Each structure stands twice: as structure tokens, then as C-alpha cells.
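Trainee: One structure is given below, represented as C-alpha cells, and several questions about it will come after.
The values are calculated or read from the model by the stated rules, or taken from the named source; none is laboratory data. Everything numeric here is computed off the predicted structure, so don't read it as measured data. Note that each Cβ is placed from the backbone with ideal geometry, even for glycine, and that neighbours are counted across all protein chains shown. Note: areas computed on protein heavy atoms with side chains; ligands, DNA, RNA excluded. Shrake-Rupley method; radii C 1.70, N 1.55, O 1.52, S 1.80 Å.
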Amino acid sequence: MSTQHSGDKLWGGRFSEPTDAFVEAFTASVSFDQRLYRHDIQGSKAHARMLARVGVLTEEECDKIHDGLDAILADIERGDFAWSVELEDVHMNVEARLIERIGDVGKKLHTGRSRNDQVATDIRLYLREAIDGLMQEIRRLQVGLVDLAEREAETIMPGFTHLQTAQPVTFGHHMMAWFEMLERDHGRLADCRKRVNVLPLGAAALAGTPYPLDRHYTAELLGFDAVTDNSLDAVSDRDFAIEFCAAGALIMTHLSRFSEELILWASAQFGFVDLPDRFCTGSSIMPQKKNPDVPELVRGKTGRANGNLIALLTLMKGQPLAYNKDNQEDKEPLFDTVDTLAGSLRAFADMVPHIQVRPEVMRAAASRGFATATDLADYLVRRGMPFRDAHEVVGRAVRHGVETGKDLAEMSLDELRKFSKTIEQDVFEVLTLEGSVAARNVHGGTAPAQVRARIRAARAKLMPLKG
Ligand code: ARG
């Protein structure tokens, strides 16, 4: 008779020799999935409650299990829980400890359940909570942007295409562009949450279970909107996590573009904004430096979020149904995306309200680079010139400006009339920066009146947050 078996493992019965020590460490996930302990216990308590309701456990057994799990939760939170690699993952660590604590009753908890539907449930509970927190952080950042947009609704800056001066815009309009991106990000998370919030428990290992489980009751206890409709699908797909990471990669992409602009704007060359000192760091050698580390790091961290998305897509693509151990690899990328988003959104939400704007610098920049050239062309069009001809006329005026070092508004009327006799004294109204932005009074345009309308609409959307 072999006395060798696989130690104290919960699945040791079938084995005739202990797991190789390296293999044990290699296959264990407890070092990172212990993070799911709260959700694991939450899921187990609901499962036990449901088992009691359908008569698989007695009420008394269920109460014992609940008390045991509560005590374990308290131990873990107190830092008084020895995680064991031999017990592989968070699920078996908690279950083994439960059995140790409450004895044989603890062995009944896993009735009608498998780690496969258990882990899928845990991740969904975890991710749902993470999404809720991230959506709130997006809202906090949006509030900061709307406040800043309102303060600077009339502030003029050069708008860019190709990073070349294009047309004047208002700083408020620029802030509201970021608001819109985040609004879609918020919507993507809300949408992803719907597909996360479905209960896999009851799928068991892959085929369902012979016990008369009331899955809808478990779902209700855990706040899930629905139960999964196919047990194979329930234990195997991680599309909800992939979807979340895709939404996360987009959020980071938006924050990265935002970062890039702040980094440029805070440079001596642009000088459009000042970032608060407490969000910047100095240089150990160059005393004058104030480096925009926070936006730089956020821009850099975007690489992780993109990598995590690709990791999960690749993890999934070759897997036959149903559960495969590959899926254990879903956690680190997922956690990393959650952490990256939480840190980056927090940094931005904290920083944005304190961005100092330099209106005179932006105004001076907008006054260079012929930002009102399109306005001059539109002026000529209003006086009957076909747009293409007007474009050509203004192009020649700009060339003259480049040669003489003058912007259009700095030329005399006579000088301008050399390019077209259609031009008259009132041209100077359209060549002003204020005239230029005010003229773009179309829905979604940069005119302060339009920006204020968008701000009002945004505030209405954000209202619940302020109440
Ligand atoms: N630690 C595992 C994971 O994260 C739990 C599920 C294990 N299931 C199994 N049949 N080995 O995926």
C-alpha cells in the first residue's frame, strides 16, 4: 500500500506521490489571487445560504459555515492568516481553513460547486466592484474638467491640427473635448458591467450539478442581474475581462493623449499652463527643472494597459471548451489594468482642478501663426468670392505676412487690399481672436456660448455627484 499521497491537498485522494515542489510553486496562484479573498468568502456565503434554502444543508450547518467564513475574513483582514502555496489558490486556502476551524461541516461547503464556477464568480464580483470605483473616479475627473472649462470658457488659445496653429479655440472647449472622451469611457464601463454582472455559480465544473440549486436565489443574494445560461460557457469564457481591459486600454489612451498635451503645455516653449508643484518632481542635477512626472507616468503606463489586453486576448484564443488552467493567467493582467486605471484616474482627478492657466501666453500664441486666416477667407466668401479663390487670396496674404513678420491683424487695410479689393475696414472685426471663436457658434463649436451650453448639459449629467 502506498503511504505516499499528495500531502494535505483537498484533491489528494487520487494521487500516489506528492506534487513536485517546483510544480507546486509553478501552478499555484495564491500569491496573486489571495486578493480575491473577500469576494471568495462573499460567494461562498451566498452558496451556503442557497444550499440551506434548497435543503442540501441544514440552517444550522449554514450558520456554522457563515460564522467560520466571517472569522476567516476577520483573520485575513487582521493579517493573521498564513497563506499556503501547497493549498494552491485562494479558494482552497479559505476552504481548508474553514474545515480546520469548524470541522466536518466545512467539508459540505463545496457541494454542488467547483473551483471553476467559483473562480469565475469571484472575478466577476471583484471586477464589478472595481468598475464601480473606476466609474466614480471618472466622474470626479469630469467634474474637475467641467469646473476648469467654466472658469476658462472665454480664454483663447491656439487650436492645432498637425500640431501647427490652425484656428483659435477656447480653453474651455479644449477641456470639454476631454470631458467627452471620458464620457464615452464611462459609458463603456457601464456597458461592460452589464455583462460582468451575471452569475456563473451552478455551472459547477462544466456541466452543471445534480443538486437542486436555486441559482436565481444565489444571484439575488450576490446582486447579480442574471444567471449564465450555459455551463460550459460560464466556466470558460473571460470575454467580460477582455472587454474591461479593452475599455481600460481606451481610458489609458485618452489619459495618455491628455498627458502628452499637459507635458507640452507645461514646457518653457509652450508655457500655456503650470502644473501644481506637488504633482511634479525636480532634477538631481539641473536646479531649474520641474518635471511633469505624473502625466509622463500615466502616458507610460498606457503600455501596460495595452499589453494586458493583448495578454488576455492571446490567453483565450487557443482554448477549447471548457475551463483550462490557462485561465488562471487572467488575473494578473486584469488586476494590473484595474490598478493602473485606479492610480492614473486618481492622479488626474486630483491634479486637474489645480492646473494653472496662463491666458496671456495662450493668447500671444494664438495671435501668431495666422490663426484667423480661415476667418479672412470666410469673410471674402460672405462678400461673394468662391471659397477656393478666397483660399488662394488669403494664402498670398499669409505669405506676405511670413515675409514681413506680421500677422494678418497687424497689416494695414491698404496692405490687405493689395490681395483683394473686396476687403474693407470691417475686416478687422473678423480678424480678432474673439470674433473668430464667437463666429463658430454651431452645436459642438468653440464659441463660448456653445461651450457654456455643453457645460450646462454636462453638469446636468454629473448632478447626482454634487447632491
Ligand atoms: N486557481 C484557479 C484559477 O485561477 C482556480 C480554478 C482551478 N480549477 C481547476 N480545475 N484547476 O483559474
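Trainee: Can you tell me how the range 1-76 classifies by the Cα gyration tensor, rounded, prolate or oblate, using a/c under 1.5 as the rounded cut?
Mentor: Because a/c hits 1.5 or more and a/b fails to exceed b/c, the range 1-76 counts as oblate.
Trainee: Hey, can you find the accessible area per residue of the chain for me, probe 1.4 Å, expressed in square angstrom?
Mentor: Value for the chain: 47 Å² per residue.
Trainee: Calculate the tail of P(r) for the range 129-220: the fraction of all Cα-Cα distances greater than 24 Å, expressed in %.
Mentor: Summing the P(r) of the range 129-220 above 24 Å gives 51 percent of all pairs.
Trainee: Please work out the Cα center distance from the range 159-189 to the range 336-370, rounded to the nearest Å.
Mentor: 11 Å
Trainee: If you don't mind, there's one more thing I want to ask. At a 1.4 Å probe radius, which order do Arg53, Arg304, Arg188, Arg128 fall into by accessible area, largest first?
Mentor: Arg53, Arg304, Arg188, Arg128
Trainee: Can you compute the helix-only [θ] at 222 nm over the chain? Use -39500 (n - 2.57) per DSSP H run of at least 4 residues, normalise by all residues, nearest 500 deg cm²/dmol.
Mentor: -20000 deg cm²/dmol
Trainee: So, one more: How much solvent-accessible surface does Ile242 expose, in Å² to the nearest 10, with a 1.4 Å probe and all protein chains in place?
Mentor: 30 Å²
Trainee: If you average 1/r over all unlike Cα pairs in the chain and invert the result, what Kirkwood radius do you get in angstrom?
Mentor: 26.5 Å
Trainee: For the pairs Lys64/Lys108; Lys45/Lys108; Lys64/Lys331, note any where the Cα-Cα span goes beyond 19 Å.
Mentor: Checking Cα-Cα distances, Lys64/Lys331 exceed 19 Å.
Trainee: Mind checking which lysines have their Cα closer than 23 Å to the Cα of Lys461? Skip sequence neighbours fewer than 8 apart in that chain.
Mentor: Within the straight-line cut-off, Lys461 pairs with Lys194.
Trainee: Quick one: longest stretch of the chain between exposed loop GluC sites (Glu not before Pro), exposed meaning at most 15 other C-beta atoms within 10 Å and loop per DSSP?
Mentor: Answer - 155-423.
Trainee: Here is a further query. Taking a 1.4 Å probe, which of Lys290, Lys418 shows the most accessible area, and what order do the others take after it?
Mentor: Lys418, Lys290
Trainee: Would you kindly derive the ³J(HN,Hα) couplings of the range 230-246 from the backbone phi angles with the Karplus curve 6.51 cos²θ - 1.76 cosθ + 1.60 (θ = phi - 60°), listing them in order in whole Hz, with x for Gly and Pro?
Mentor: Running phi through 6.51 cos²θ - 1.76 cosθ + 1.60 with θ = phi - 60° gives 9, 5, 5, 4, 4, 8, 10, 7, 10, 4, 5, 6, 5, 4, 4, 5, 5 Hz.
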